[in-house]
Amino acid sequence: DLAIHSQRAPVADWIEWRDRLAMQQIEDFGKFIDYWMGRFDSTDDRLLVTYEALTDGITGPDEAARIANFLSKSEGVDDPIASEAIPCVWRKVVKYKDEVPASSEQQNESRRRLGAGILGQEAENLKTPIRTQRSGPTERPYTPDMLKSMDEMLSRLISDWGAVHVPLKLALQGYQSLVQQAHQAVLQAHQAASNIETAIDMAKAPDAPRYHIVQSSQPHSGSAVLNNLLSGLLDDDAEYKKSTLVTITPRLDLLDMYKEFKPNVGDGGEVFFVVSSRGTDPATRVAPASCDFNNVLCIEYEELMYANSDELQ
């Protein structure tokens, strides 16, 4: 048990909680949004406030004013305080810890930011720090499956409610962007650990042909599915596995990566690229000509995720 509510749990205890309840919490978050979005027919009867906007030094007072204005429309609610007093009240409630000298650890602690997905401005423009009296580790690792579930849940919510509530859509897209970045980072970390083991095996067999398979996938292009396929197609017990690296990266500069990786596999080895693409934005796709090379396989998201319901029966 924690001595005070502002003390964070040790990472090991948090992971134990995560493994028991995180997937349920992800599902409950989706149900929470569904409940309140389905409860009222008019957006005038509902006010969306995000934690990030409410606690931000720039937008926070305006958000507090929005709350006061919304509540003033409710029957039986007394008139709110004067509008010019709202920023003062907001600062006293949200920024009261600014009056307490913060430790160097607290001063350096970063807060969650959503960036352009919520407020239409870059996260780096939101510079005002939020002081905290909390102590303890800030690391909160999620598994790839959990991050994938978050991504899928957010995609569903955006599809179900985005058209009828644009601010909610923008907020969810901001969260989804962070989740996708975290998912990609976790996959890369797992792949890096696997590559270290393979590199050790390769060092033990310097004369064997070496191969480097590079999965080039932008977020949300079927990267997790493709990575699982590549891992499953390589037999862990096969001799070639001891001299084959598999790397996942969001980079699309295949030629530069080839020049970077080719010296590591030697004259008898080769670098292969498996690329997954989605959408039509040239910034998120490799150059079409790259797909013509013999050591490059390009796969469209629609083809990778294709399913025929008749064939599944």
Notebook entry, point to check: So which residues in the stretch 36-93 are of a type in the set (Gly, Ala, Ser) and surrounded by 14 or more Cβ atoms within 10 Å (Cβ to Cβ)?
Noted result: ALA53, GLY57, GLY60, ALA64, ALA65, ALA68
Check: What are the pairs, 6+ residues apart or on separate chains, where a residue within the stretch 137-165 that is aliphatic (A, V, I, L, M) has its Cβ under 7 Å from a residue that is open to solvent by 50 Å² or more (accessible area, probe 1.4 Å)?
Finding: MET146/MET23; MET153/PHE29; LEU154/TYR175; ILE158/LYS169; ILE158/GLN173
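Table: residues versus (1) within 30 Å of SER159 (Cα to Cα); (2) at pLDDT 90 or above; (3) not small (Gly, Ala, Ser).
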{"position": "ASP44", "(1), (2), (3)": "yes, no, yes"}
{"position": "ASP78", "(1), (2), (3)": "no, no, yes"}
{"position": "ILE81", "(1), (2), (3)": "no, no, yes"}
{"position": "PRO87", "(1), (2), (3)": "no, yes, yes"}
Note to self: Suppose we filter ALA22, ALA12 for residues that are modelled with pLDDT of 90 or more and either small (Gly, Ala, Ser) or open to solvent by less than 70 Å² (accessible area, probe 1.4 Å) (or both); which single one remains?
What the structure shows: ALA22
Margin query: Scan the stretch 205-218 and tell me whether some residue there is modelled with pLDDT of 70 or more, open to solvent by 40 Å² or more (accessible area, probe 1.4 Å), assigned to a loop (DSSP other than H, G, I, E, B) and of a type in the set (S, T, N, Q).
Written below: yes
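The values are calculated or read from the model by the stated rules, or taken from the named source; none is laboratory data. All values derive from a computational prediction rather than experimental measurement. No Cβ is skipped: glycine too gets one built from the backbone with ideal geometry, and neighbour counts run over all protein chains shown. These area figures cover heavy atoms from the full protein model, side chains too; ligands, DNA and RNA do not enter into them. Shrake-Rupley method; radii C 1.70, N 1.55, O 1.52, S 1.80 Å.
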